[in-house]
Amino acid sequence: MSSVFKNAALAAMSVSALATPTFAERGTQGDLKLFYWQAPTLLNPYLASGPKDSEPASLVLEPLARHDETGQMVPWLAEAIPTMDNGGMAADMRSITWRLKQGIKWSDGSNFTANDVVFTANYCLSADSGCQVSAKFTDVDKIEALDTHTVKISFSKPKPYPYAPFVGLEVPVLQAAQFADCMGANALNCSAQNLSPIGTGPYQITEFKPGDVVTYDINPFYRDAAKPGFANVTIKGGGDASGAARAVLETGEFDYAWNLQLDPQVLAGMKAAGRGTVVTDFGTAVERLQVNLTDPSADLNDIRSTHGGGAHPFLADPRVTKALSLAVDRDTLVAIAYGDTGRATCDVLAAPAIYASGANDDCLTQNLDRARALLDEAGWTDSDGDGIRDKDGVSLSLLFQTSVNPVRQTTQDLLKAWWAEIGVETELRAIAPSVFFGGDQSSPDTYQKFYADLEMFTNFFPGNDPEPYLNNWTCAAIPTPENGWAGMNVPRHCNPDYDALVAQLGNTVDLGERIEISKQLNNMLMQAGALIPLVHRGEVSAHAASLQGVRMNVWDSELWNIADWTRAK
Amino acid sequence: MTDLPHTGAPTNRFWRRFRRHKGAVIGGGLLALILFAVLIGPFLWLHTSGQINITARNLGPSLAHPMGTDHLGRDLFAAILEGGRVTVLVGLVAMGLSVAIGTAVGILAGMFRWLDAPLMRLTDLFLALPVLPLLLVTIMLWREKLRMLFGAEAGIFLLIVAMIGLTSWMQTARILRAEVLALKNREFVTAATALGVRPWGLIRRHILPNVLGVIIVSATLGLANAIITESALSFLGLGFPPDHPTWGRLLFDGTEYLTLTPARAIWPGLMITLTVLCANYLGEGLRDALDPRRGFGRK
Amino acid sequence: MLTYCLRRLAFSVPVLVLISFAIFLLMDLAPNDPTSNLPMSIPADTRAQLREALGIGDPLLTRYLLWCKQFFIHEPLNWLTNVTGLALGDPDRLRVLSWSARVPVVDLIAERLPQTLWVVGMSYLLGIAIALPIGIYSAYRQHGWFDHLGSFISMIGYSVPSFFLGVVMIIVFAVKLNWLPSVYDTTLRVTDWGSLMEQFRQMVMPVAILALYNAAQISRYMRASMLDNLHHDYVRTARAKGASERRVMLRHVARNSMLPVVTVIALGIPQVLAGAVITEQIFKINGIGELLISAIQSGDLPVVQTLTFLFAVLVVLFNLFADIAYGLLDPRISYD
């Protein structure tokens, strides 16, 4: 062990002693058993298909900086977050410089250097690599190692928020030596590497059966000699959310269970057994109705659901959308379908808290009378007495589609009942997720083609900068036949003022100003009636009552501080 | 086999034998009752399965809701009645398809020598298909396409019925072929052939009436099999979509609520079991009554 | 006899080729997309690249032939290399890779197979062990109370769907009584008495359910076969010679009645393996059935294709075994 490492370890130990006074020694806490019912299938986050893979990988692979449970960035493998103030960010906002911590070693004993960082970027950017997170490297022009512990990232245009590459669980640093032969198309065939990456984190992989189980033991070269507390970790996959919750809360077979989207009363019943705790935290995910502002009627053929087909016969009027929104009793919806895992919201940009506008909160309480008045005012009355409002021979009936999912079908049923009370008829459709979210050009049922009046799904943004998210509703992002139905502007919202404000956001550095602009953008979307936000969705996990140190984190891996976890005596 | 349908007396003997099989009589009666209930019941019952009542969620059994309610306050009894209609309909149509194919293949193979080998090889080929995995894969991959073509309920109904029918006719075909081969050596058939009766006439006038019993037995057992298969598919989440619940789907949805309202899983499960049990008993009784060498008709 | 075996074997090959092509065609014509499960924050062009990297764009026949080559040539070669330790051919040959796990499908199956074999194998053996005595005694005392009870139980076992019985057992034994675990632990290694008991406890429910079903089926066949034999002349002869009833039943009747039952047992194996799909789903056993379901759900075509084909191979293989076994055991059957 080098003296540098010893010193760093000693320093870290004293810090940790302050943070968690009960802390004992490395590996004294026994075994830890985690339950990820959506089982991990590979442990290379660059090829992973979601948190089910990248979270188990986060025990091993680490990024330069993480987000803590409040959403603040904390340096992880870097000394500090590069900013204008500390000279890490160039004045023209075209480059940043990360200084890496000294003395960090990979679990095979070799040194962690700037070369590994540069390699990882090239690995993801090389052609045919199948890298899932290449969007994190958008506008990256060049990544170079200035010396063994300094990395400079240059961008092709000014970046006021340059913290996408190597921040967060999706973009950790891979070991150059291990992945050297996996560049480009070879990435997909490097099964041994993808299943068992070497990392700098507190644990190393001892065995991995894809889709079943991962076992870890302590990384002998981990930088903090006092951590991690648990000597062995097992992540078991398979089954379903209710089985996972039962295993932690009722039978106590496991210490931690992830992603427990369950019926609130079922979860409450399990909690009552008293063996464990349910932890919830809210990220940026919002379940929303997308309103089709263009006409989806089938006789328009090729131009249906495009601006070429004209505006929607009734949803283009924001008063109608507002009435639909006011008719929804969000609190009841949350109580029945989401419980602790959701809260009512009227903003599509609901988090982080500093970005929440709150200007649209009048829809939080159901107001059927006002909804009816709005529809009357817009000229929609029940002229033929069939219980459904109409105007000029068009009746107010909606086709409302979403993916097959028990919670979504419950929501659909409830909304249909509420809308019936204000004289709106609803036809429900549920489409298999593989088709609804699939990119099949030949299927008419994708969420992007949107051959319906309303559709419902959740979207979110990773990290805590909403700029790319707000970019979703510019005119350029509208899915059309010409761009192969790509683009996230599903409501087909197009407003030059909005686009101009988004462009302004892209050139603003000051956080206060960025927050103000973001709120304005959110309000513009709400006033245009492009979206009806319903529920701000949280992440729910459960842990055994005896497990200590869990700091539930939706901004990064839930297991981000696993090195600090201990077992109560 | 006796030449039953030609005279009155053997039919009486058949009924006497059938009535001695108590399980079959009870099973047949119950099955008729279930069929009647799911066909007529939804029109008579106070609630419909889609009626939401958020003030009456997760209730236990009561007079208003004999099987309780679900998490949206919907009446479970209504769901059982309506789901049963789909389940039973799937069972009947799939069984019809399977028996029709099996009968056609079996009789053709038995009657015409030149068709025998290819048809039996085809039967072997179908027997070599891994049925459950294949059903799962086909339904998963094709249901949206059919849903598009025929609408939500009709699409999945056609797919499931066709798949069950196409993968379950082989036993019927084998049994019928053997029956036909045996019949061909009987005097009245050889006599008819000698008199110059055409093969199609022979099938219609002599073969079909004589294998009718075997076909009915196959149909009863096929009904049980089709219901179990549909329920298994729905239970794996690959059958009918949640907005058109069948018994299998209700059971699948109910498993999440095992701790809260176990009735949601138990009632649909019981109904599947009861229907299948009744059909199996009925089939067994019919077979014993038709075949003097077997079971209760033996002594 | 040998020519018969060869002929049957020769017939199996085109059947398998036909089935494999049918499986391929079925999946190719259907809409599906392995990238649909990815988070929505991944941009469309990344998705398109990914699809291309997986080789989805190639024409059907190309992919079919490539799959055949990988499955019938590369995989056996790899297996030989692993077994013999000799380097055979190019070590970097392409293998059938899972889209979601990026590992050879064969490795995935090899990892999952032991769990399935343990549970399914145990239950099948147990089912046979229960079924044979019940079948024999039921036939011996036909219409007795044991016969009636036996047929009733076998009828129940035959008619109660395993997914219902499994759910009820979980309610009773795992949720209410808390006697048995609800999750099957695949990492458990049997090293001492305690872990053996643990393994036993977690196998009780799935094995019991599968065994009941198997026993119900086999005992019905055994009983019917016994009844067919009981009234043959050789039984009367044996009794006339003064052999004990026990000896007549077990040595003569049961032995002869086993013939058709052996075929039934052999033919049942692939169906039982496939049927474990449901049991594994209920008890969260990560076996091949669970692998198939999760692969179907995530659109992982190579895994689905290989597994479905594997099931077909098993059916054909055991059909062949059953035919040959029948010929070997029963001298009255001639094959010419």
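The values are calculated or read from the model by the stated rules, or taken from the named source; none is laboratory data. Given the structure is predicted, the values throughout are model-derived calculations rather than measurements. Don't worry about glycine lacking a Cβ; one is built from the backbone with ideal geometry, like all the others, and counts go over all protein chains shown. Please note that ligands, DNA and RNA were not included when accessible areas were found on the heavy atoms of the full protein model with its side chains. Shrake-Rupley method; radii C 1.70, N 1.55, O 1.52, S 1.80 Å.
Listed values, structure above:
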{"item": "Subset of the range C:226-236 that is in contact (Cβ under 8 Å) with a residue 60 or more places away in the chain and open to solvent by 10 Å² or more (accessible area, probe 1.4 Å) - its residue that is nearest to C:T187 (Cα to Cα)", "result": "C:L227"}
{"item": "Residue among A:A114, A:A177, A:A192 that is in contact with a His (Cβ under 9 Å, 6 or more places away or on another chain) and either farther than 23 Å from A:T508 by Cα or without any contact (Cβ under 8 Å) to a residue 24 or more places away in the chain (or both)", "result": "A:A114"}
{"item": "Filter result (open to solvent by less than 30 Å² (accessible area, probe 1.4 Å), assigned to a strand (DSSP E or B) and either within 14 Å of chain C (Cβ to nearest Cβ) or touching a Ser or Thr at 6+ places or on another chain (Cβ under 9 Å) (or both)) within the range A:141-168", "result": "A:I143, A:T150, A:V151, A:I153, A:S154, A:F155"}
{"item": "Positions within the range A:380-406 being in a loop (DSSP other than H, G, I, E, B) and under 19 Å from A:H312 (Cβ atoms), in sequence order", "result": "A:W380, A:I388, A:R389, A:D392, A:G393, A:L396"}
{"item": "Residue that is modelled with the lowest pLDDT [pool: residues in the range A:123-134 that are under 17 Å from A:E170 (Cβ atoms) and away from every other protein chain (no Cβ under 11 Å)]", "result": "A:L125"}
{"item": "Subset of the range C:125-141 [surrounded by fewer than 18 Cβ atoms within 10 Å (Cβ to Cβ) and either touching a Lys or Arg at 6+ places or on another chain (Cβ under 8 Å) or not in a helix (DSSP H, G or I) (or both)]", "result": "C:R141"}
{"item": "Qualifying residues in the range C:153-165 (those that are more than 8 Å from chain B (Cβ to nearest Cβ) and either open to solvent by less than 20 Å² (accessible area, probe 1.4 Å) or free of Cβ contacts under 8 Å to residues at least 40 places away in the same chain (or both)) - the one nearest to the chain's Cα centre (by Cα)", "result": "C:G157"}
{"item": "A:R246 touching a helix residue (DSSP H, G or I) at 6+ places or on another chain (Cβ under 8 Å), assigned to a helix (DSSP H, G or I) and at pLDDT 90 or above", "result": "no"}
{"item": "Residue in the range C:174-214 that is nearest to C:A266 (Cα to Cα), counting only those that are part of a helix (DSSP H, G or I), open to solvent by 60 Å² or more (accessible area, probe 1.4 Å) and not aliphatic (A, V, I, L, M)", "result": "C:Y213"}
{"item": "Inter-residue pairs, beta-carbon under 7 Å, first on the phi > 0 side of the Ramachandran plot and in the range A:208-224, second crowded, with 22+ Cβ neighbours inside 10 Å and of a type outside the set (S, T, Y), 6+ apart", "result": "A:G211/A:A39; A:G211/A:G237; A:G211/C:A101; A:G211/C:N286; A:G211/C:L291"}
{"item": "Helices (runs of 4 or more DSSP H) wholly inside the range B:166-260 containing at least 2 residues that are away from chain C (no Cβ under 14 Å) and open to solvent by 10 Å² or more (accessible area, probe 1.4 Å)", "result": "B:170-184, B:187-194, B:199-202, B:208-235"}
{"item": "Residue satisfying all of: in the range B:85-134; under 18 Å from B:T229 (Cβ atoms) and of a type in the set (S, T, N, Q); nearest to the other protein chains (Cβ to nearest Cβ) among these", "result": "B:T87"}
{"item": "Selected residue [under 26 Å from A:H307 (Cβ atoms), under 23 Å from the mean Cα position of the chain (by Cα) and at pLDDT below 90] from A:P468, A:P406", "result": "A:P468"}
{"item": "Some residue of the range B:73-83 being within 23 Å of the chain's Cα centre (by Cα) and within 14 Å of chain A (Cβ to nearest Cβ)", "result": "yes"}
